[in-house]
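Reviewing the structure listed below.
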Amino acid sequence: MSEPIKKTTSPKNNQLLACLPPAEWKILEPHLEWVEMPLGKILCEAGCTLSHVYFPSTAVVSILYVMENGASAEIAVVGNEGVFGISLFMGGESTTSRAVVQSAGEGYRLKAHILMDQFERSVPLMHLLLRYTQALMSQMSQTAVCNRHHNMDQQLCRWLLLSLDRLRGNELMMTQELIANMLGVRREGVTEGAIKLQKAGLIRYSRGRITVLDRIGLEARSCECYAVVKNEYDRLLPQQEGV
């Protein structure tokens, strides 16, 4: 068993929390609870009522849609740019998707009723969360288009880049089986794609560890979907104190 990680981040390592105006930060900060987010931890199953929202600081969370036969595909990733639990302030207390930690790390959680109370009282917080929701929905839409119209290599590049943007450093701990589950493809397709990227000198893959060696080359090999999603996040969510 791996040893539990130690707290190394503050809530403001999450970019949404860092964007809170001082008044909203003063109210929410005492209620933010640090949590370890180990690889594979399920934060929420489809149909379950959300008791908390999660603000990752170094972890990355995958949002998956699960079919009746158990097959699944990733529809979005959430990292230090955002929050998991948007269904709370979009009019529902549950979600149709599963949330699972795809890259281990840390995060902060907040009780659902506390966020909702402040969401209804604070216009700046409401606007910030709604802008984030628009960005997340753009990611979901672009992912659907990408999975339908682009080849496995392009999808893998997009997925690697989106995950990398939400991590510190240039490494991801991820098995090919898990990547295949995220992308909704066969493991053999991921293996072939990873070998191609490694031969091109873009990544190094060994024992579940992916190291990105040439990010610019990876972006050039990806489809336009990555840039569309990144530009939308940059447009809607300024990375600075205040909103």
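The values are calculated or read from the model by the stated rules, or taken from the named source; none is laboratory data. From a predicted model like this one, the values you see are computed outputs, not experimental measurements. Quick reminder, even Gly has a Cβ in these numbers, built from the backbone with ideal geometry, and neighbours come from all protein chains shown.
Arg168 fulfils the conditions (1) out of contact with any strand residue (DSSP E or B) (no Cβ under 9 Å at 6 or more places or on another chain); (2) under 20 Å from Gly208 (Cβ atoms) except for a single criterion, (1).
For the stretch 87-111, the set of residues classified as crowded, with 18+ Cβ neighbours inside 10 Å, at pLDDT 90 or above and within 18 Å of Glu24 (Cα to Cα) consists of Tyr108, Arg109, Leu110, listed by residue number. Screening Met173 with (1) of a type in the set (A, V, I, L, M, F, W, C); (2) buried (at least 17 other Cβ atoms within 10 Å of the Cβ); (3) in contact with a Gly (Cβ under 9 Å, 6 or more places away or on another chain) gives one miss only, at (2). Listed conditions (1) within 17 Å of Val100 (Cα to Cα); (2) surrounded by fewer than 17 Cβ atoms within 10 Å (Cβ to Cβ) are all met by Arg168, apart from (1). The listed residues are Gly193, Gly169, Gly201, and the only one of them that is part of a helix (DSSP H, G or I), more than 15 Å from the chain's Cα centre (by Cα) and small (Gly, Ala, Ser) turns out to be Gly193.
Annotation note: Cβ proximity below 6 Å between a residue of the stretch 199-227 that is farther than 18 Å from Val77 by Cα and a residue that is among the hydroxyl-bearing types (Ser, Thr, Tyr) (sequence gap 6+ or interchain) occurs for Arg204/Thr211; Gly208/Thr175.
Would you mind stating whether Leu128 is part of a helix (DSSP H, G or I), touching a residue at least 60 places away in the same chain (Cβ under 8 Å), farther than 30 Å from Val190 by Cβ and not assigned by TED's automatic domain parsing to the domain that holds Val35? Answer is yes for this residue.
To keep it simple, each residue is scored yes or no on (1) under 13 Å from the mean Cα position of the chain (by Cα); (2) surrounded by 14 or more Cβ atoms within 10 Å (Cβ to Cβ); (3) not aliphatic (A, V, I, L, M).
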position	(1), (2), (3)
Trp25	no, yes, yes
Leu43	yes, yes, no
Leu50	no, yes, no
Val53	no, yes, no
Pro56	yes, yes, yes
Ser62	yes, yes, yes
Gly79	yes, yes, yes
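Every condition in (1) at pLDDT 90 or above; (2) in contact with a helix residue (DSSP H, G or I) (Cβ under 6 Å, 6 or more places away or on another chain); (3) aliphatic (A, V, I, L, M); (4) within 30 Å of Pro124 (Cα to Cα) is met by Leu218 except one, and the failing one is (4).
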